[in-house]
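A.B. asks: Here's a structure for you.
The values are calculated or read from the model by the stated rules, or taken from the named source; none is laboratory data. The structure displayed is predicted, hence computed values, not measured ones. Quick reminder, even Gly has a Cβ in these numbers, built from the backbone with ideal geometry, and neighbours come from all protein chains shown.
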Amino acid sequence: MRRPGTSNVIIRRRRRELVVGAILLVLFVLLPLPIGNTYLRGLIVLTLLYAGLSQGWNILGGYCGQISLGHALYFGIGAYTSAMLFTVLGVPPTLGMFAGGILAGLAALLVGWPCFRLSGHYYAIATLVVGMTALLLVQNWDFVNAAMGITIPFRADSWSDLEFRVAVLPFHYVMLAYAAVAWLIAWVVEGSRWGFYWRAVKDDATAARSLAVRVFPSKMAAAAISGFITGVGGALYSQYVGFIDPDSTLGLSLSVLIALPAVVGGVGTLWGPLLGAAVLIPVQQLSIAWLGSAGNGIDLMIYGMLIIALALARPQGLVSLLGVRSQAGGEVAESA
Amino acid sequence: MPDAILQVRSVSKSFGSVAANVEITFDVARGEILGLIGPNGAGKSSLFNSIAGADTPDKGDILLEGRRISGLGPVACTRLGIGRTFQVVRSFDSMTVLENVMVGAFARVTRARHAMARALEVIEFCGLAGRADVPAHALTPPEKRRLEVARALATQPRILLLDEMLTGLTPTEAQAGMQLVRDVRARGVTIVMVEHVMEVLLPLIDRAVVLHLGRKLREGSPQDMVRDPEVIRAYLGERYVA
């Protein structure tokens, strides 16, 4: 007998998601222990980073249906803010990443202010243009070393500075925490009023308005959270790699790479970004390793073919293979 | 009217050179079921959209409980107590029935738990109890109409605007739909229904406002309306006037 006033389906699904999330977290904590190979460990670090980044993208692009092709902007703002604060003022990146995340969230609001008045394709194109403009500006901005980039100086092994002589294993846990927190944020907002409003806005903004959903503020909230998560990821990346330049932190290909795991894994789903990153990032990295990234571009061709194959076989995303409810898929592709 | 919950005062609305509504005035009494009827192109939908806040009238005022609501926009109108359905159903198709209705419930509560409790109550009231966890796109057409009503009811309206809710249903489905409308009214919600098929509405409504070519043609009891030569002329043409 069902207790009046509760739905077992939604509550049970959300509880199950938490349990699966906790099990995955434990598995990922233990995962590097049997793996001695530094290259493989590095692969997992990147996968976790992109799982978190794409989870952030998914909040705006997936749940709310505002396809952004400029998320590298928020990544770059996070990376540069943290790097500049650290190299110029000595602010520890554990603080700098929040500064970067907040600035990135503000930037997302700034982009959203004019652009959310555009619909469909026009929003995506506007974010693309904004992202590429930012790349050009930073390439010519001497204060942040223009196209030369910034090298993060190594001072000492330190968790507060996120600097390690051998970085791969500590960063496994840093990126795992990042991906886990991004996942948890997505889980929380998915079950909240914002989450419902975002999905309503994506499905039918007119109907949403008739139910007192304030469409523009809803999109702005999604943008701010999305930008924040992406910005924090940028800051962590800059500490992990130790060097940032405009092309690697603000380029269009990065914007695409942030969006792809969510798209391939399942747009607007909780597990999509994680699943997509777990498939895409290893394939991308391994094809670079085996075929070389210099010039011939075969790795990109393989990557592209994989995406086309996945899109044809599973337009709802990989999550649909697991029997997990996929909320959007086709609809987002159509409304984009 | 002594106890008017909604007052439409000289409302005019044009789209380009087309005058959709011209100087329309009428009241809606608290607790009644009012039919807004007229042949195609009479201006029902544009008046409906003005009341729901989706459009702003060019001239005139619409007052809810004496408070001006025209031009406030759909969000404010819903907050103030106007619920609406759409002629062409607009369900959130990636969401379940329960989730659809919860979106409406969030107009009054912040916490998901409370929204869920409220939504489940409304879903049961609308006869969709067994369908709460079904995706909205999997519903049958009459179920989708019910979902529209449930979603709007979840916002706790004082007036519910129903846009051609009964059109296109089979007689049995229409009967069930009419019972739902009566049940909603019994909850204390005033109802304004737009229909262009008059005979479906007659047994249901307390009063009718007939629009024709953008103007108010007649207002009165449904029995009087069907006998009125002007109304018959508007609907059927000159040769049917007895």
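A.B. asks: Being free of Cβ contacts under 8 Å to residues at least 12 places away in the same chain, more than 30 Å from residue B:98 (Cα to Cα) and either of a type in the set (Lys, Arg) or touching a Leu at 6+ places or on another chain (Cβ under 7 Å) (or both) is the filter here; which residues of region A:13-40 pass it?
C.D. replies: none
A.B. asks: Let me ask you something else. Just for helices (runs of 4 or more DSSP H) wholly inside region A:3-103: which have at least 3 residues that are under 30 Å from residue B:93 (Cα atoms)?
C.D. replies: Where helices (runs of 4 or more DSSP H) fall fully within region A:3-103 and carry at least 3 residues being under 30 Å from residue B:93 (Cα atoms), they are A:8-30, A:38-58.
One line per residue, one yes/no per condition, for (1) closer than 20 Å to residue B:79 by Cβ; (2) not assigned by TED's automatic domain parsing to the domain that holds residue B:66:
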site	(1), (2)
B:112	yes, yes
B:122	yes, yes
B:139	no, yes
B:150	yes, yes
B:173	no, no
B:197	no, no
B:202	no, no
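This table checks each residue for (1) in contact with a Lys or Arg (Cβ under 8 Å, 6 or more places away or on another chain); (2) in a loop (DSSP other than H, G, I, E, B).
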{"site": "A:147", "(1), (2)": "no, no"}
{"site": "A:155", "(1), (2)": "no, yes"}
{"site": "A:161", "(1), (2)": "yes, yes"}
{"site": "A:169", "(1), (2)": "yes, no"}
{"site": "A:178", "(1), (2)": "no, no"}
{"site": "A:185", "(1), (2)": "no, no"}
{"site": "A:194", "(1), (2)": "no, no"}
{"site": "A:199", "(1), (2)": "no, no"}
{"site": "A:208", "(1), (2)": "no, no"}
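A.B. asks: Okay, next question. Quick check on this structure: which one of A:116, A:28 is among the aromatic types (Phe, Trp, Tyr) and either under 15 Å from residue A:234 (Cα atoms) or modelled with pLDDT under 90 (or both)?
C.D. replies: Checking each option against the conditions leaves just A:116.
A.B. asks: Taking the criterion of being buried (at least 19 other Cβ atoms within 10 Å of the Cβ), in contact (Cβ under 8 Å) with a residue 24 or more places away in the chain, of a type in the set (Phe, Trp, Tyr) and assigned to a strand (DSSP E or B), would at least one residue in region B:38-48 satisfy it?
C.D. replies: Scanning region B:38-48 turns up no residue that is buried (at least 19 other Cβ atoms within 10 Å of the Cβ), in contact (Cβ under 8 Å) with a residue 24 or more places away in the chain, of a type in the set (Phe, Trp, Tyr) and assigned to a strand (DSSP E or B).
A.B. asks: Let me ask something additional. Quick one: residue B:63 ticks every box in (1) within 22 Å of residue B:189 (Cβ to Cβ); (2) outside the structural domain of residue B:132 (by TED's automatic domain parsing); (3) surrounded by 18 or more Cβ atoms within 10 Å (Cβ to Cβ) except a single one, so which number is it?
C.D. replies: (3)
A.B. asks: May I pose another question? Quick one: is residue B:135 of a type outside the set (A, V, I, L, M, F, W, C) and within 9 Å of chain A (Cβ to nearest Cβ)?
C.D. replies: Here the answer is yes, as residue B:135 does meet what is asked.
One line per residue, one yes/no per condition, for (1) surrounded by fewer than 17 Cβ atoms within 10 Å (Cβ to Cβ); (2) farther than 26 Å from residue B:6 by Cβ; (3) at pLDDT below 90; (4) touching a Leu at 6+ places or on another chain (Cβ under 6 Å):
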residue: B:117; (1), (2), (3), (4): no, yes, no, no
residue: B:129; (1), (2), (3), (4): yes, yes, no, no
residue: B:132; (1), (2), (3), (4): no, yes, no, yes
residue: B:137; (1), (2), (3), (4): yes, yes, no, no
residue: B:179; (1), (2), (3), (4): yes, no, no, no
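A.B. asks: What do you reckon, is residue B:197 farther than 23 Å from residue A:207 by Cβ, modelled with pLDDT under 90 and either within 14 Å of another protein chain (Cβ to nearest Cβ) or under 17 Å from the mean Cα position of the chain (by Cα) (or both)?
C.D. replies: In short, yes.
Conditions tested, residue by residue: (1) more than 21 Å from residue B:163 (Cα to Cα); (2) assigned to a helix (DSSP H, G or I).
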site	(1), (2)
B:87	no, no
B:93	no, no
B:104	no, yes
B:115	yes, yes
B:118	yes, yes
B:123	no, yes
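A.B. asks: Just need a number here: residues in region B:94-110 that are surrounded by fewer than 18 Cβ atoms within 10 Å (Cβ to Cβ) and either facing chain A (nearest Cβ under 8 Å) or among the aromatic types (Phe, Trp, Tyr) (or both).
C.D. replies: 1
A.B. asks: Also, quick follow-up: Check residue B:71 against each of (1) at negative phi; (2) in a loop (DSSP other than H, G, I, E, B) and name the one condition it does not meet.
C.D. replies: For residue B:71, the failing item is (1).
A.B. asks: Okay, moving on. Quick one: which residue in A:167, A:207, A:179 is crowded, with 24+ Cβ neighbours inside 10 Å, more than 14 Å from chain B (Cβ to nearest Cβ), touching a Phe, Trp or Tyr at 6+ places or on another chain (Cβ under 9 Å) and among the small types (Gly, Ala, Ser)?
C.D. replies: A:179
A.B. asks: So residue B:60 passes all but one of these: (1) over 19 Å from the mean Cα position of the chain (by Cα); (2) facing chain A (nearest Cβ under 9 Å); (3) more than 21 Å from residue B:168 (Cβ to Cβ); (4) not in a helix (DSSP H, G or I). Which condition number does it fail?
C.D. replies: (2)
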